[in-house]
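One structure is given below, encoded as C-alpha cells.
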Amino acid sequence: MRKGNNKGFTLVEMMIVLGISAIILTIVVFSYNVINNANVQKSARRLENVIRIARTRCMTKGTKRGELKLYQQNGNIYAVIGEDPLPELICNSGVTMESLATTDYGLNPISMEASAAAIPPYPGISLKFNTSGTVQTYAGDPNNVFLLHNGGRNYEVIVYRETGSIEVNLY
C-alpha cells in the first residue's frame, strides 16, 4: 500500500474537529441562555414601568385613566393603560408571564388568555389604583404578583397593595 493514495482522516484530525465543534456549541448554548435571560429581565422592567405609569396616571388624572389591563394574545402579553387605543407589548412569545393572586392559601394562577376574536376591552387581568396610589382590591380581582420566566431565569414583579410600591426580584 502506498502512502500517496491514503484519502482518509487521521485520528488526530478527527479529535481536533470534534474539539472545535464542542467549543463552538458551548458558546452558542451560553449565548442563547444569556439572550433569554436578558429578554426576561427586559420584560420584567417593561411591566414595572407600565405599572408605574398606570399608578401615576391614577394619582394625577383619576382612577379610570390609570386602570391597567394585561392580556395575552397569540403568545404575546400586552398592557393597556386607561382608555389608550394602542396596547404596549410587555412580553414576546418567548417569555411567559403568570399573574398570581395572593390569598391565605398561597399563590393561585389566573388565566390571561384572550380569544383571537376579542375586541377592546380585552379579557385578562386588571390592576386598579386609588387616587392615593394604593391598589384597589375587589373580590375576585386581588392580583399583585406577576411571575415572568423563560428557561432558568425567573423574575417576579410585586405590587404592594398597602403602598402601591413596586418591586422586581430575580429568583
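Kindly indicate which of 89, 11 is within 11 Å of the chain's Cα centre (by Cα) and at pLDDT 80 or above. I'd like the intermediate steps shown before the answer.
Working: 11 fails: within 11 Å of the chain's Cα centre (by Cα).
Testing whether each residue is within 11 Å of the chain's Cα centre (by Cα) and at pLDDT 80 or above leaves just 89.
State which residue is modelled with the lowest pLDDT when the search covers only segment 92-104 and only residues that are surrounded by fewer than 21 Cβ atoms within 10 Å (Cβ to Cβ) and under 10 Å from the mean Cα position of the chain (by Cα).
Taking the candidates together, the pick is 93.
Any residue in segment 19-41 that is farther than 15 Å from residue 148 by Cα sitting within a Cβ distance under 6 Å of a residue that is aliphatic (A, V, I, L, M) and surrounded by 11 or more Cβ atoms within 10 Å (Cβ to Cβ)? List the pairs, counting only those 6 or more apart or interchain.
Close Cβ pairs (under 6 Å, with a partner that is aliphatic (A, V, I, L, M) and surrounded by 11 or more Cβ atoms within 10 Å (Cβ to Cβ)) do not exist here.
From the set of residues in segment 45-78 that are at positive phi and among the small types (Gly, Ala, Ser), which is modelled with the lowest pLDDT?
Among them, the one singled out is 75.
Among the residues in segment 28-40, are any modelled with pLDDT of 85 or more, part of a helix (DSSP H, G or I) and touching a Leu at 6+ places or on another chain (Cβ under 6 Å)?
no
Among the residues in segment 62-80, are any surrounded by fewer than 20 Cβ atoms within 10 Å (Cβ to Cβ), touching a strand residue (DSSP E or B) at 6+ places or on another chain (Cβ under 9 Å) and touching a residue at least 60 places away in the same chain (Cβ under 8 Å)?
Within segment 62-80, one or more residues are surrounded by fewer than 20 Cβ atoms within 10 Å (Cβ to Cβ), touching a strand residue (DSSP E or B) at 6+ places or on another chain (Cβ under 9 Å) and touching a residue at least 60 places away in the same chain (Cβ under 8 Å).
The values are calculated or read from the model by the stated rules, or taken from the named source; none is laboratory data. On a predicted model such as this, the values are computed, not experimentally measured, just so you know. No Cβ is skipped: glycine too gets one built from the backbone with ideal geometry, and neighbour counts run over all protein chains shown.
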